[in-house]
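Below: one structure, written as structure tokens.
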Amino acid sequence: MYRQMREEAAAEALKTAHTDMSNLSKEHRDKLMKHAAHHSPKHINLMVRHMRGGESFDSAHDLAMREAGA
């Protein structure tokens, strides 16, 4: 039950972020789904933008934390 609630929260956060992740790898999309449950839509958008630019997931996260916070 908790997992379903977390996945629904992540899906809602990604929907709110209006983020096109079609050009990211499946691994990155899956990690972002889990990550979105506890980060803001602005944070997720920044992460996607950085990953499209070639940054790794961790590096994109660090940059997004500096730019937008959680």
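The values are calculated or read from the model by the stated rules, or taken from the named source; none is laboratory data. This one's a predicted model, so the numbers in the text were calculated from it and none came from an experiment. Every residue, glycine among them, receives a Cβ derived from its backbone with ideal geometry; neighbour counts consider all protein chains shown. These accessible areas exclude ligands, DNA and RNA; they are computed on the full protein's heavy atoms, side chains included. Shrake-Rupley method; radii C 1.70, N 1.55, O 1.52, S 1.80 Å.
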Across (1) open to solvent by 80 Å² or more (accessible area, probe 1.4 Å); (2) under 16 Å from GLU8 (Cα atoms), PRO41 clears everything bar (1)
Every listed condition ((1) open to solvent by 90 Å² or more (accessible area, probe 1.4 Å); (2) at pLDDT 90 or above) holds for VAL48 save (1)
Residue pairs within 7 Å by beta carbon, gap of at least six or interchain, first lying in the range 44-70 and free of Cβ contacts under 8 Å to residues at least 60 places away in the same chain and at negative phi, second open to solvent by 20 Å² or more (accessible area, probe 1.4 Å) and among the β-branched types (Val, Ile, Thr), listed first then second, are ILE44/THR19; ASN45/THR19; VAL48/THR19
Notebook entry, point to check: Taking the stated definitions as given, is GLU67 loosely packed, with under 15 Cβ neighbours inside 10 Å, modelled with pLDDT of 90 or more, in contact with a Lys or Arg (Cβ under 9 Å, 6 or more places away or on another chain) and not hydrophobic (A, V, I, L, M, F, W, C)?
Noted result: yes
Picked from the range 10-35 (must be at pLDDT 85 or above and open to solvent by less than 60 Å² (accessible area, probe 1.4 Å)), the residue nearest to GLY54 (Cα to Cα) is LEU24
